[in-house]
Amino acid sequence: MFVESIELKNYRNYDSAEVEFSPGVNIFFGDNAQGKTNLLEAVYLSTTSRSHRGSKDKELIRFGEEESHIRLRFRKKELSHQLDLHLKQKKSKGIAIDNVPIRRSSELLGLLHLVFFSPEDLSLIKNGPAERRRFLDMEMSQLDKGYLQYLSDYHKLLSERNNLLKQIAVFPQLRDTLDGWDEQMVRIGCQLIKKREKFIILIDEMMREIHEKLTGGRENIKVSYEKNISSEEFREKLWNNRDKDIKNGTTSCGPHRDDMEFYVNGVDIRKYGSQGQQRTAALALKLSEIRLIEQVSGDRPVLLLDDVLSELDAHRQNYLLENISDIQTMITCTGLDDFVNTRMHLDKVFYVEAGKIQEYGIKKEP
Ligand code: ATP
Ligand code: MG
């Protein structure tokens, strides 16, 4: 599977732009603030309908414009498809696949698989649990529509329960209405826990192998699921914590407080890892994501590498580049120097300047 082309109209700092991608390695280089990340964001948006940076639709529309259009053509199982996204200032977005409008953006999931890798991902291990949960949710949602549905149901329930807790603090007679919400929270929450358990076992297997190679066999990684609460105890704990939850106006236990733990040679590297250990583990985690998508969906994902190469040392850089030679890749960077010392074959190089994208003549042969 690969992306053939993208057309942008009034998107971020692009007035109008079109790119024909190579199915291999595509490089986008240019100074800061020229539109490189914006371009990758537009590609990413087409698979999930959401920005990887969490931006709102109206922030994506070019300043001063009412609407924005993105058209992406991609090839899957020998067939070409067209995806249209129409972003509007005041209304919700329109999406069409092969000119047929779809009603729910979740219908996009599974159509195209992408892995977005940005410098912030290299901090996944040292950051807080919220970032790791977000990683988990985004990856699992791409692969499992059922998970996405449970996740959105759970978050709706959670926010309604939290509102109710605040009301009960003022009107204690409402307390019994919690029973119904808690019952639903437990039912949906346990589904999330079950799916996360299975997924993290897969990540652990995949990551161990990659990490071993990245560290030359010197370090041993173990990833596991740090559950806030087990399925068996969830109902009882919600009940026991009611007074506390009403006092604080928030739900203190449940999968919305889950985390993933990373141990290297028996040490929790979230807290005690060196910077290098944390970055190596993050790189292994992203690479395992690519392999996992391949395994679960049968599709090779497209890799979007936003400014990541300059953040890695030569050894990790080479390992990364050697391991992505079989998938379509879009790489942004400020200059081409990073590639001088690698054996990587660059299929297409583009120069990005002030919202204009031009194909650049230099091709580096291996
Ligand atoms: P860097 O190398 O610093 O990461 P970049 O080339 O990735 O730079 P982008 O993040 O793509 O830069 O942003 C390019 C420009 O787009 C920025 O100057 C930003 O202000 C501008 N921009 C962002 N949103 C909009 C918008 N809605 N309308 C117009 N311009 C926008
Ligand atoms: Mg950028």
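The values are calculated or read from the model by the stated rules, or taken from the named source; none is laboratory data. Keep in mind that this is a model prediction, so the values were computed, not measured. A quick note on method: Cβ atoms are made from the backbone with ideal geometry, for glycine too, and the neighbour counts reach across all protein chains shown. Keep in mind that these areas ignore ligands, DNA and RNA; they rest on the heavy atoms of the full protein, side chains included. Shrake-Rupley method; radii C 1.70, N 1.55, O 1.52, S 1.80 Å.
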Here, residue 32 and residue 160, labelled 7 Å along Cα→Cβ, have an inter-label distance in nm of 4.7 nm
Using alpha carbon positions and the Kirkwood radius, the Rg to Rh ratio of the stretch 1-93 is 0.96
Over the chain, the sum of -39500 (n - 2.57) across DSSP H runs of at least four, divided by residue number and rounded to 500 deg cm²/dmol, gives at 222 nm -13500 deg cm²/dmol
Any residue on another chain or 5+ positions along whose placed amide H is under 5 Å from the amide H of residue 346 is listed here as 364
With a Förster distance of 22 angstrom and the Cβ-Cβ distance between residue 152 and residue 177, calculated FRET efficiency to the nearest 0.05 equals 0.45
Mean shadow area (nm²) of the C-alpha convex hull around the stretch 244-288 is 4.8 nm²
Given 10 °C, 1.306 mPa s and a Kirkwood radius over Cα pairs, the Stokes-Einstein diffusion coefficient of the stretch 206-321 in µm²/s is 94 µm²/s
At the level of C-alpha centres, the distance separating the stretch 103-152 and the stretch 154-169, in angstrom, is 24 Å
Here FRET efficiency (C-beta to C-beta, residue 311 to residue 272, R₀ 25 Å, nearest 0.05) is 0.70
GNM on the chain, Cα springs under 10 Å; top mean-square fluctuation among 347, 258, 243 goes to 243
Any residue on another chain or 5+ positions along whose placed amide H is under 5 Å from the amide H of residue 16 is listed here as 10
The value for the stretch 1-52 (convex hull of the alpha-carbon atoms, volume per residue, Å³) is 88 Å³
Treating only Lys and Arg (+1) and Asp and Glu (-1) as charged, each at its beta carbon, one finds that the chain has a dipole about its Cα centre, in Debye to the nearest 20, of 860 debye
Membrane-span-like helices (DSSP H runs, Cα span along own axis at least 18 Å, mean Kyte-Doolittle at least -1.0) in the chain -> 36-48, 129-143, 145-170, 178-214, 275-297
Karplus ³J(HN,Hα) for the stretch 28-35 (6.51 cos²θ - 1.76 cosθ + 1.60, θ = phi - 60°; Hz, whole; x = Gly/Pro) runs 10, 10, x, 5, 5, 6, 9, x
For the stretch 73-85, Karplus-derived ³J(HN,Hα) couplings (6.51, -1.76, 1.60; θ = phi - 60°; whole Hz; x for glycine and proline) come out as 10, 9, 10, 9, 6, 6, 10, 8, 10, 10, 10, 10, 10
Whole-percent carbon and sulfur contribution to the accessible surface of the chain (1.4 Å, no ligands, DNA or RNA) stands at 47 percent
Phi angles of the stretch 251-258, converted by Karplus (6.51 cos²θ - 1.76 cosθ + 1.60, θ = phi - 60°) into ³J(HN,Hα) in whole Hz with x for Gly and Pro, give 8, 8, 9, x, x, 6, 10, 5
Answer check: the stretch 70-158, Cα atoms, Kirkwood Rh, Rg/Rh ratio of 1.02
FRET efficiency for residue 97 and residue 202 from the Cβ-Cβ distance with R0 = 41 Å, rounded to 0.05, comes out at 0.90
In a Gaussian network model of the chain with springs linking alpha carbons closer than 10 Å, the residue among 90, 286, 145 that fluctuates most is 90
Along principal axes, largest first, the alpha-carbon spread of the chain in whole Å comes out as 73, 55, 37
Sorted by chain and then number, the residues having a modelled amide H within less than 5 Å of the amide H of residue 61, at least 5 places away or on another chain, are 12
The chain accessible area per residue, 1.4 Å probe, protein heavy atoms, integer Å², reads 48 Å²
The stretch 148-210, Kirkwood Rh and Cα Rg, ratio Rg/Rh at 1.22
Between the alpha carbon centres of the stretch 11-77 and the stretch 205-270 the gap in Å comes to 34 Å
Mean-square fluctuation maximum in Gaussian network of the chain, Cα pairs under 10 Å, restricted to 289, 183, 205, hits 183
With N residues in the stretch 51-208, Rg(alpha-carbon) / (2.2 N^0.38 Å) equals 1.31
